[in-house]
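Worksheet: one structure, shown below.
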Amino acid sequence: MPQGGGPGAPRLYVRVPPERIGTIIGEKGRVKREIMEKTGARVTVDTENGMVLIEPGSGDTPPIMLMKAADIVRAIALGFAPEKAFRLLDEDQILVVVDLKQHVGDSQNHLKRVKARIIGEKGRARRTLEEMTGTDIVVGDYHVAIIGDYERAMAAKQAIEMLVEGRMHSTVYRHLERVMREIKRRERFQLWET
């Protein structure tokens, strides 16, 4: 790829846990290459420091594509499979991260309990949230990451925060059903208008 847009060109940095570096690079560099091809960004992975540099691949790389590349790298770093992270290339898809420490503090016991509530028995609660909202959700050590369109991702975030606060799963699902009914009603209305 040609050199990026010179000394004043925007540069984005994403810190990546050491165990996720290989996933970002991919087998024989496939994932990194795909990120660069699809966004026009140049991606440089510093494997020693766990830092990924994202900069324009050429002078005409749009800044939005640099941000998309950074979001894809961030999503993979948070635990998403590259195929799911590439959803972020779609114009309406966003990445939302819930910091569990912000809600429950540093107590490992609290974190474990809250993560168990979000994941559910055999992953059932997380899967239910994904199916209800049409999002992809990853539960990490200290975070929950969500990929979806804005309204659905925010609905999933709100449901996760309700679970963190200790609300019963059934209460959260009923709330989510109401929110999703309203979102789908608005979507149908927008389609009807156009």
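The values are calculated or read from the model by the stated rules, or taken from the named source; none is laboratory data. Values in this document were obtained by computation on a predicted structure and should not be read as measured data. Using ideal geometry, Cβ is built from the backbone for each residue, glycine included, and neighbour counts are taken over all protein chains shown.
Under 8 Å between Cβ atoms, which residue pairs at least 6 apart in sequence (or on different chains) link something in the stretch 113-133 that is in contact (Cβ under 8 Å) with a residue 40 or more places away in the chain with a partner that is in a helix (DSSP H, G or I) and among the charged types (D, E, K, R)?
Going by the 8 Å Cβ cut-off, the qualifying pairs are 118/126; 120/126; 120/127; 125/117; 132/177; 133/152.
Select from the stretch 161-178 the residues that are loosely packed, with under 14 Cβ neighbours inside 10 Å and part of a loop (DSSP other than H, G, I, E, B) and write down the one among them that is nearest to the chain's Cα centre (by Cα).
Going through the stretch 161-178, the residues loosely packed, with under 14 Cβ neighbours inside 10 Å turn out to be 165-166, 168, 170-171, 174, 177-178.
Narrowing the set further to residues that are part of a loop (DSSP other than H, G, I, E, B) leaves 165-166, 168.
Working: 165: 22, 166: 24, 168: 25 Å.
Ranking the qualifying residues of the stretch 161-178, first place goes to 165.
For the stretch 121-160, name all the residues that are small (Gly, Ala, Ser) and assigned to a helix (DSSP H, G or I).
Correct list: 123, 125, 153, 155, 156, 159.
Looking at the stretch 52-74, which of its residues are of a type in the set (A, V, I, L, M) and either under 14 Å from residue 32 (Cβ atoms) or assigned by TED's automatic domain parsing to the domain that holds residue 133 (or both)?
At the first step, the residues of the stretch 52-74 found to be of a type in the set (A, V, I, L, M) are 52-54, 64-67, 69-70, 72-73.
Listed by number, the residues that qualify are 52, 53, 54, 69, 70, 72, 73.
For the stretch 111-120, enumerate the residues that are under 19 Å from residue 159 (Cβ atoms) and in a helix (DSSP H, G or I).
The answer is 111, 113, 114, 115, 116, 117, 118, 119.
Search the stretch 27-81 for residues being buried (at least 17 other Cβ atoms within 10 Å of the Cβ) and of a type in the set (Ser, Thr, Tyr), and hand back the single one that is nearest to residue 17 (Cα to Cα).
Across the stretch 27-81, the extreme among qualifying residues is 39.
Select from the stretch 77-131 the residues that are over 17 Å from residue 172 (Cβ atoms) and hydroxyl-bearing (Ser, Thr, Tyr) and list them in ascending order.
107
Would you check which residues across the stretch 82-112 are free of Cβ contacts under 8 Å to residues at least 40 places away in the same chain and buried (at least 17 other Cβ atoms within 10 Å of the Cβ) and list them?
Taking the stretch 82-112 and keeping what is free of Cβ contacts under 8 Å to residues at least 40 places away in the same chain, we get 83, 90-91, 102, 105-112.
Matches in the stretch 82-112: 111 only.
Considering only the stretch 23-65, how many residues are at pLDDT 95 or above and under 23 Å from residue 98 (Cα atoms)?
4
Do any residues in the stretch 12-29 that are assigned by TED's automatic domain parsing to the domain that holds residue 53 and over 12 Å from residue 78 (Cβ atoms) have Cβ atoms under 9 Å from those of residues that are of a type in the set (Asp, Glu) and assigned to a helix (DSSP H, G or I), where the two are at least six apart or on different chains, and which pairs are they?
Hits for this filter: 26/34.
So, in the stretch 28-82, how many residues would count as being over 20 Å from residue 143 (Cα atoms) and assigned to a helix (DSSP H, G or I)?
Residues flagged as over 20 Å from residue 143 (Cα atoms) and assigned to a helix (DSSP H, G or I) within the stretch 28-82 amount to 19.
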